[in-house]
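Written out below as structure tokens is the structure these notes cover.
The values are calculated or read from the model by the stated rules, or taken from the named source; none is laboratory data. Just so we're clear, the structure is a prediction, and the values are computed from it rather than from any experiment. Neighbour counts are summed over all protein chains in view; Cβ atoms, including those assigned to glycine, are modelled from backbone coordinates with ideal geometry.
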Amino acid sequence: MRQAVLLDPLVRKAAEYAKKHHQGQTRKHTGEDYYSHCCAVALIVSLVTDDPEVVAAAYVHDLCEDTSITLADLEKEFGPRVAMIVGALTKKKWDAATPVCEQDRHVINQLKAASADAATIKLADITHNLRTLPAEGKIDYMLEKAGQVAVLQHGDPVLVQMANRTVVHALADALGAAA
């Protein structure tokens, strides 16, 4: 049973770290405690790997974007590999003048260059987001995620398939809601 990795000391430390630093944050479209997303992504990743560093990175994958935590902080707490994986997933901060198409192109190139471990976490992240966010008015978002899944084919094959199916179902729901 792969989920035993969730009991690994490094993974437990990452779970507590994410819980502490996401405290008080809620998911934008659902109002749920943000930490629930971290747990869901880590659980999905634990279905396909028993590597503690990859599952730990899944727990802390959004910290550098959503908190004051830096990659240097993550490297100090969890080691260079976890920090490297999270760094591959962390969106660059843009100034308001940067065109959205340039930002999107950068994200696609970043995901193409990501390791298989980082791609696997991003596939789990997309899967969870698309399964839990409301469909109404989200067609552009879902198409964006479909494009990301298309360049993440080097991630875990089970999660590639899961993400592809989730994108198709989410788009069908969104198109049905728009009709």
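Answer with yes or no whether GLU65 is modelled with pLDDT of 95 or more, out of contact with any His (no Cβ under 7 Å at 6 or more places or on another chain), in a helix (DSSP H, G or I) and of a type in the set (D, E, K, R).
When the stated conditions are applied, GLU65 does not pass them.
Being more than 13 Å from the chain's Cα centre (by Cα), farther than 23 Å from LEU175 by Cα and part of a loop (DSSP other than H, G, I, E, B) is the filter here, so list the residues in segment 106-138 that pass it.
Selection gives SER115 alone.
For residues in segment 80-101 being among the aliphatic types (A, V, I, L, M) and surrounded by fewer than 16 Cβ atoms within 10 Å (Cβ to Cβ), which is nearest to LEU159 (Cα to Cα)?
Here the residue is VAL100.
With the requirement that a residue be in contact (Cβ under 8 Å) with a residue 12 or more places away in the chain and over 18 Å from the mean Cα position of the chain (by Cα), what does segment 139-168 give you?
ILE139
Looking at (1) surrounded by fewer than 16 Cβ atoms within 10 Å (Cβ to Cβ); (2) free of Cβ contacts under 8 Å to residues at least 12 places away in the same chain, can you tell me which one ASP104 breaks?
(2)
Output the residues belonging to segment 30-62 that are within 22 Å of LYS93 (Cα to Cα), of a type outside the set (Ser, Thr, Tyr) and either outside any loop (DSSP other than H, G, I, E, B) or touching a Pro at 6+ places or on another chain (Cβ under 6 Å) (or both).
The answer is HIS37, CYS38, ALA57, ALA58.
Could you please find all residues in segment 28-39 being under 17 Å from GLU65 (Cβ atoms), in contact (Cβ under 8 Å) with a residue 24 or more places away in the chain and buried (at least 17 other Cβ atoms within 10 Å of the Cβ)?
TYR34, HIS37, CYS38
Using beta carbons and a limit of 9 Å, which pairs, at least six apart or on different chains, have the first residue in segment 7-19 and outside any helix (DSSP H, G or I) and the second one buried (at least 17 other Cβ atoms within 10 Å of the Cβ) and modelled with pLDDT of 95 or more?
From residues that are outside any helix (DSSP H, G or I), the pairs are ASP8/PRO52; ASP8/VAL55; ASP8/ALA56.
For every residue, the table says whether it meets (1) within 24 Å of THR26 (Cα to Cα); (2) part of a helix (DSSP H, G or I); (3) modelled with pLDDT of 95 or more.
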{"site": "ASP73", "(1), (2), (3)": "yes, yes, yes"}
{"site": "MET84", "(1), (2), (3)": "no, yes, yes"}
{"site": "GLY87", "(1), (2), (3)": "yes, yes, yes"}
{"site": "THR98", "(1), (2), (3)": "no, no, no"}
{"site": "ASP104", "(1), (2), (3)": "no, yes, no"}
